[in-house]
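Have a look at the structure below before the remarks.
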């Protein structure tokens, strides 16, 4: 029997910003009963969840190292809140062509090398989720009225990417891959 795990690849912010975003996630959990976002550390998803044989994790790690070789750091800006109505509220990542190109190249690289996931149209909406699919529609609208015009601004220097694995209950960081 194969030992298959669920993974995703993301940008994870600094500890200071992680604390700020986790505080927001806790507010949404307490005030709007949306706790699911607390199952992962604050992040911007680059490659959505995919299944991979656990024995291929080392190959995936090598591919992420290879991909990052020679990459230059760049910044992304978080500005305000956005939503995927009627269940998801997130911190909005401003449009950034460098980030979009980086994500597409990473997706193509991993698909071509390891055939992770399905080859899909590259629909990339960078964001940092604070309330997830467990946010019920009536509470979504209440929360959205409160947060749609709230100010939140931060900058993230993207100089590494992270591999996360699902434990069966929560997402854990497996490794960080720095640009070299």
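I'm told residue 107 meets every condition in (1) assigned to a helix (DSSP H, G or I); (2) in contact with a strand residue (DSSP E or B) (Cβ under 9 Å, 6 or more places away or on another chain); (3) loosely packed, with under 14 Cβ neighbours inside 10 Å except one. Can you identify the failing condition by its number? Exception for residue 107: condition (3).
Whether a residue is modelled with pLDDT of 95 or more, over 15 Å from the mean Cα position of the chain (by Cα), assigned to a strand (DSSP E or B) and under 25 Å from residue 130 (Cβ atoms) was assessed, and residue 26 does not pass this test. Residues in the stretch 114-138 that are exposed (fewer than 11 other Cβ atoms within 10 Å of the Cβ) and modelled with pLDDT under 65: 118, 120, 121, 122. Per this entry, residue 95 is not counted among residues that are surrounded by fewer than 17 Cβ atoms within 10 Å (Cβ to Cβ) and touching a residue at least 40 places away in the same chain (Cβ under 8 Å).
Of the residues examined, residue 141 is one that is more than 14 Å from the chain's Cα centre (by Cα), part of a helix (DSSP H, G or I) and at pLDDT 95 or above. Restricting the first member to the stretch 68-92 and to residues that are farther than 19 Å from residue 13 by Cβ, and the second to residues that are surrounded by 14 or more Cβ atoms within 10 Å (Cβ to Cβ), the beta-carbon pairs closer than 6 Å and six or more apart or on different chains are 83/89; 83/144; 86/140; 87/135; 87/140. Evaluate the following for residue 45: is it within 18 Å of the chain's Cα centre (by Cα), under 18 Å from residue 135 (Cβ atoms) and not in a helix (DSSP H, G or I)? It is true that residue 45 is within 18 Å of the chain's Cα centre (by Cα), under 18 Å from residue 135 (Cβ atoms) and not in a helix (DSSP H, G or I).
The set of residues from the stretch 29-42 being within 17 Å of residue 127 (Cα to Cα), in a helix (DSSP H, G or I) and touching a helix residue (DSSP H, G or I) at 6+ places or on another chain (Cβ under 6 Å) comprises 37, 38. Once the stretch 1-21 is narrowed to residues that are part of a helix (DSSP H, G or I) and either farther than 18 Å from residue 127 by Cα or without any contact (Cβ under 8 Å) to a residue 60 or more places away in the chain (or both), the residue that is nearest to the chain's Cα centre (by Cα) is 18. It is to be established whether one or more residues within the stretch 30-49 are touching a strand residue (DSSP E or B) at 6+ places or on another chain (Cβ under 6 Å) and surrounded by fewer than 13 Cβ atoms within 10 Å (Cβ to Cβ). Taking every residue of the stretch 30-49 in turn, none turns out to be touching a strand residue (DSSP E or B) at 6+ places or on another chain (Cβ under 6 Å) and surrounded by fewer than 13 Cβ atoms within 10 Å (Cβ to Cβ). Being in a helix (DSSP H, G or I), within 28 Å of residue 167 (Cβ to Cβ) and either in contact (Cβ under 8 Å) with a residue 24 or more places away in the chain or in contact with a strand residue (DSSP E or B) (Cβ under 8 Å, 6 or more places away or on another chain) (or both) is a property that does not hold for residue 134. Taking the condition buried (at least 20 other Cβ atoms within 10 Å of the Cβ) and over 15 Å from the mean Cα position of the chain (by Cα), does residue 61 pass? Against the criterion (buried (at least 20 other Cβ atoms within 10 Å of the Cβ) and over 15 Å from the mean Cα position of the chain (by Cα)), residue 61 does not qualify.
The values are calculated or read from the model by the stated rules, or taken from the named source; none is laboratory data. Please read these numbers as outputs of a predicted model, since none were measured by experiment. Positions of Cβ are backbone-derived with ideal geometry, glycine not excepted, and every protein chain shown enters the neighbour counts.
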